[in-house]
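> Dropping a structure here in structure tokens format, bear with me for questions.
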């Protein structure tokens, strides 16, 4: 099968690709970038990273409330002998952290109770 | 063949029926609010949203702080002691089991906080002036999710205390029975 100019369809397709090489390169690059950005965003949202990201809109200044000292905990050496001294050393390190853990009653209370937010059912009016 | 097709049809119908009943049972829980209740929500909508936004921010920092603290106990203390005991051929199986329970609880804390935070963000996007019903029932749902997070914190505290108690028992045994290496 051939067209009026004597060029077959099979010959025309490669020449079309050759003519629009730059356009296709740019288009392809944009599509690949969009796909990777979508995958990245999906992973950001589903992995729980978003919940740890304090630079999100609406969380300005919250990062100042993050306590730096907690991550500076001395690591207990993973190798070495076990004796009275090393067990006491571990006990001392662990007790310090245990106090940090149990001293704050995190997520306690009921700040989302309807009455605390003022959205509870109003009392029925007496007649 | 015919028998299995009949069985398949019956199972499918039962499944559809169960889903229908579950959805209906759930919709029965969500009763329409009275007009006075809706009016109260609309009136207090702005202040309720402000309180929720503040809670969102304070819970975010709490999540990061508590997460770091619990994670450091696991990686910098528990895992390292367990490894050291194993290298010294000492029986730390109870400590390993306690550390595994702690780690599971830590994972539950991360998951439950994520679910809570996603729902709280969705709640804050609701226009409570126009959708007071939706806002109210979503608030109740998010409240339950926050209580689930609080429960995981209680569990984590419990398991960290449990690990310490097992460690103290181990130390006591070690002092009274020197050379308690595993075979």
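The values are calculated or read from the model by the stated rules, or taken from the named source; none is laboratory data. On a predicted model such as this, the values are computed, not experimentally measured, just so you know. Cβ atoms come from the backbone with ideal geometry, glycine included; neighbour counts cover every protein chain shown.
> I'm trying to understand the selection: among the residues of region A:47-65, which are loosely packed, with under 11 Cβ neighbours inside 10 Å and facing chain B (nearest Cβ under 9 Å)? Don't jump to the end; show me each part of the working.
Residues of region A:47-65 loosely packed, with under 11 Cβ neighbours inside 10 Å: A:55, A:57, A:61, A:64.
Of everything in region A:47-65, those that are loosely packed, with under 11 Cβ neighbours inside 10 Å and facing chain B (nearest Cβ under 9 Å) turn out to be A:61, A:64.
> Just to be sure before I move on: is residue B:83 at pLDDT 95 or above, out of contact with any helix residue (DSSP H, G or I) (no Cβ under 6 Å at 6 or more places or on another chain), closer than 29 Å to residue A:82 by Cα and assigned by TED's automatic domain parsing to the domain that holds residue B:140 in the structure I sent?
Working: at pLDDT 95 or above: yes; out of contact with any helix residue (DSSP H, G or I) (no Cβ under 6 Å at 6 or more places or on another chain): yes; closer than 29 Å to residue A:82 by Cα: yes; assigned by TED's automatic domain parsing to the domain that holds residue B:140: yes.
Yes; evaluated as a whole, the condition is true for this residue.
> Looking only at region B:156-177, decide whether some residue is in the same structural domain as residue B:40 (by TED's automatic domain parsing) and within 30 Å of residue B:43 (Cβ to Cβ).
There is no residue in region B:156-177 that is in the same structural domain as residue B:40 (by TED's automatic domain parsing) and within 30 Å of residue B:43 (Cβ to Cβ).
> Out of B:66, B:89, B:57, which single residue is closer than 22 Å to residue A:78 by Cβ and in the same structural domain as residue B:167 (by TED's automatic domain parsing)?
After ruling out the rest, the residue left standing is B:89.
> Among the candidates B:89, B:57, single out the residue that is modelled with pLDDT under 95 and under 27 Å from the mean Cα position of the chain (by Cα).
Numbers: B:89 fails: under 27 Å from the mean Cα position of the chain (by Cα).
Every option except B:57 fails the conditions.
> Right, next: Quick one: in region B:117-152, which of the residues that are facing chain A (nearest Cβ under 10 Å) and out of contact with any helix residue (DSSP H, G or I) (no Cβ under 7 Å at 6 or more places or on another chain) is nearest to residue A:111 (Cα to Cα)?
B:143
> Look through A:106, A:116, A:37 and report the one residue that is within 29 Å of the chain's Cα centre (by Cα) and at the interface with chain B (Cβ under 8 Å from one of its Cβ atoms). Please lay out each step first, then the result.
Values: A:116 fails: within 29 Å of the chain's Cα centre (by Cα); A:37 fails: at the interface with chain B (Cβ under 8 Å from one of its Cβ atoms).
The conditions single out A:106.
> Let me ask something else about it. Exactly one of (1) modelled with pLDDT of 90 or more; (2) loosely packed, with under 10 Cβ neighbours inside 10 Å; (3) under 30 Å from residue B:61 (Cβ atoms) is unmet by residue A:22. Its number?
If we test residue A:22 against (1) modelled with pLDDT of 90 or more; (2) loosely packed, with under 10 Cβ neighbours inside 10 Å; (3) under 30 Å from residue B:61 (Cβ atoms), just (3) comes out false.
> Suppose we keep only residues that are facing another protein chain (nearest Cβ under 8 Å), out of contact with any helix residue (DSSP H, G or I) (no Cβ under 6 Å at 6 or more places or on another chain) and not in a helix (DSSP H, G or I) within region A:75-103. Which one would you say is surrounded by the fewest Cβ atoms within 10 Å (Cβ to Cβ)?
A:81
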